[in-house]
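Below: the structure, in structure tokens.
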Amino acid sequence: VQALVVVPTRELCRQVSWEAMRFGRLLDSTVLSLYGGTSVKRELERLKKGAQIVVGTPGRLLDHIFKRNLNLAQLKILVLDEADRMFDIGFREDIIKIIKACPKRRQLMLLSATLDQEVENLSKRYMKDPVPLYLSRDEISVESIWQRYIPVDRHNKLNKLARLLENQKPTQSLIFTNTKKMF
């Protein structure tokens with residue numbers, strides 16, 4: 001394993017794995033995704049075949065690391081994607097265990113939508129001379145975009161959304177949800 005990408009959810013794990021596979025084909029690299037809710041036996045078979053890039057959720061990765069199924073001795077890059085989100089949902093200790101299981105001489109990339117104190121502390125503790133890259137500005141980049149957040153009871157979301165779209169009649173919309181199953 002040359003690169004390990006840690007993500008907070010299985011949905012993001014599948015998405016990142018898919019993109020890594022697209023790029024990996026050009027480099028003749030194998031990508032393996034490891035996340036809960038899937039067959040551990042199948043994962044073990046694929047781990048034995050080897051992979052250069054592994055993408056996984058903290059819990060499943062730790063299972064494989066502690067059972068010595070996942071060899072990180074040759075790891076060169078560790079990516080913590082959505083580090084702020086992983087802290088928010090309680091993976092702080094798991095992330096630290098994963099970092100400690102990796103070789104000291106590796107590159108650590110910490111990707112985060114927000115730079116809160118916990119993420120900053122992690123970067124100071126486990127990174128040498130970190131270089132922050134800010135890829136977005138605080139202000140709205142397009143003045144014509146109308147952004148609204150509307151809290152709604154869980155069972156009324158679809159009806160509220162339908163009424164909102166019917167009343168506003170937008171020519172284009174982008175709607176964010178927590179899961180695909182919500183709709």
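Read-outs throughout are calculated quantities, based only on the coordinates presented, and are distinct from any laboratory measurement. Because the structure is a prediction, the values reported are computed rather than measured. Positions of Cβ are backbone-derived with ideal geometry, glycine not excepted, and every protein chain shown enters the neighbour counts.
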Read-out Rg/Rh (Cα atoms, Kirkwood Rh), derived from the coordinates shown; its label in (1) 1.47; (2) 1.03; (3) 0.95: (2)
Longest principal axis of the chain (C-alpha) makes with the long axis of helix 157-168 (C-alpha) an angle, in degrees to the nearest 10, of 50 degrees
Helix 92-101 sits off the longest principal axis of the Cα atoms of the chain, rounded to the nearest 10 on a 0 to 90 degree scale, by 30 degrees
Using modelled backbone amide H atoms (1.01 Å from N, in-plane), which distant-in-sequence or interchain residues come within less than 5 Å of Leu108's amide H? Leu78
Excluding residues on the same chain fewer than 8 positions from Lys104, give the lysines whose Cα lies under 26 Å from its Cα. Lys48, Lys49, Lys67, Lys76, Lys124, Lys128
Can you order the peptides 165-173, 92-100 by their average number of other Cβ atoms within 10 Å per residue, highest first? 92-100, 165-173
Amide H contacts under 5 Å for Val55, placed H, 5+ residues apart: Val5, Leu32, Ser33, Leu34
Could you order peptides 54-67, 29-42, 101-114 by the average number of other Cβ atoms within 10 Å of their residues, highest first? 54-67, 29-42, 101-114
Relative to the longest principal Cα axis of the chain, at what angle does helix 40-49 sit, 0 to 90 degrees, rounded to 10? 60 degrees
Which of the lysines could a cross-linker span from Lys160 if the Cα-Cα distance has to be under 22 Å and same-chain partners fewer than 8 positions apart are dropped? Lys169, Lys180, Lys181
